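Remarks on the structure that follows.
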Ligand code: GLY
């Protein structure tokens, strides 16, 4: 997989012009959703480099991450005269960068694209690393390809329009990057003051976080080994997310991942010796900032079922990424149903639900 260039923007106009110039093209397209069209497009629409950009807008949120929306983007590209030499800019959160990246990577067997993530979650996770796709058949990101953007432009100005819930959702992925990297980075993430947000400090943390993800993706772009580190918290997190959706109380992805990390760090402690004090401190941070997802023991079977459907599993065995210490990554760990139920007991006791 080609390496994508990730730029922490100092000047969006200059950085975007340079990124566009690196991709010779005949026509330029910009994909937005109904939110980023009104909130974010005006920030870039006036730039010189965007004056000929042709706009395509799709419905917002995960509910629109569908084959139908994908087909509507392919159709718009075709109707508006896109060729194999056209370039697309995806301006939005993870839904836009995932679906737009997939549309670009498949239209006429692939055109170049640039991501401008506008949410914290997309900046530190979705837009970086070349995973593209759509939901299908009731399963998240079921269809897609690995195909990196030419450039990813991260401008923390977009963060200022996000509400606290969306910031914290992205921050859960940053916390995950802290846990899989160094004690220093993990500790500075736990100490960030969410009551008085210092955006320049947040931008510096974002830059570190993106670097951690990039380093891992560079070593293992197709997730055969070490990239599975990025799945910490996600085996249980996806099950929480699915249960929440099914019971009509949807939760933001990062919240589910944070709660998933409570469970998987507990397993880490039990199975591979993750230190108790760091488990306690991480759980306290998650409890304080993300609250708790409530469920009872009658829902354990359903959660277990969701875990068995996870696409990270191999030969029906539920696959976990665990941690022996901060930075000590143990991929391809498994657990019995009994252990998983015991872990859910731990979650409910320690989170007080
Ligand atoms: N979101 C995890 C990864 O990109 O591998």
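The values are calculated or read from the model by the stated rules, or taken from the named source; none is laboratory data. In this text the structure is predicted, and so the values were computed from the model without any measurement. Cβ atoms come from the backbone with ideal geometry, glycine included; neighbour counts cover every protein chain shown.
Scanning region 298-348 for residues that are on the phi > 0 side of the Ramachandran plot and either in contact (Cβ under 8 Å) with a residue 24 or more places away in the chain or assigned to a helix (DSSP H, G or I) (or both) yields 327, 332. Any residue at all in region 185-199 that is buried (at least 18 other Cβ atoms within 10 Å of the Cβ) and closer than 25 Å to residue 42 by Cα? Scanning region 185-199, I find no residue that is buried (at least 18 other Cβ atoms within 10 Å of the Cβ) and closer than 25 Å to residue 42 by Cα, so the answer is no.
Just one residue in the set 137, 141, 166 is crowded, with 16+ Cβ neighbours inside 10 Å and modelled with pLDDT under 95; that residue is 141. Screening the candidates 177, 185 for the property of being without any contact (Cβ under 8 Å) to a residue 60 or more places away in the chain, part of a helix (DSSP H, G or I) and within 14 Å of the ligand (Cβ to nearest atom) yields one hit, 177. Restricting attention to region 123-132, which residues are within 11 Å of the ligand (Cβ to nearest atom) and outside any strand (DSSP E or B)? If the condition is that a residue be within 11 Å of the ligand (Cβ to nearest atom) and outside any strand (DSSP E or B), then 124, 125, 126, 127, 128, 129, 130, 132 are the ones that fit. A residue that is part of a helix (DSSP H, G or I), in contact with a strand residue (DSSP E or B) (Cβ under 8 Å, 6 or more places away or on another chain) and either closer than 21 Å to residue 289 by Cα or free of Cβ contacts under 8 Å to residues at least 24 places away in the same chain (or both) occurs somewhere in region 197-205. Residues in region 133-152 that are closer than 19 Å to residue 221 by Cα and in a loop (DSSP other than H, G, I, E, B): 133, 144, 145, 147, 148, 149, 150.
For residue 131, the stated conditions hold: it is buried (at least 24 other Cβ atoms within 10 Å of the Cβ), farther than 16 Å from residue 8 by Cα and under 16 Å from the mean Cα position of the chain (by Cα). Candidates are the residues of region 224-239 that are in contact (Cβ under 8 Å) with a residue 24 or more places away in the chain and not in a helix (DSSP H, G or I); the one that is surrounded by the fewest Cβ atoms within 10 Å (Cβ to Cβ) is 225. Against the test of being part of a strand (DSSP E or B) and buried (at least 18 other Cβ atoms within 10 Å of the Cβ), the options 91, 70 yield a single qualifying residue, 91.
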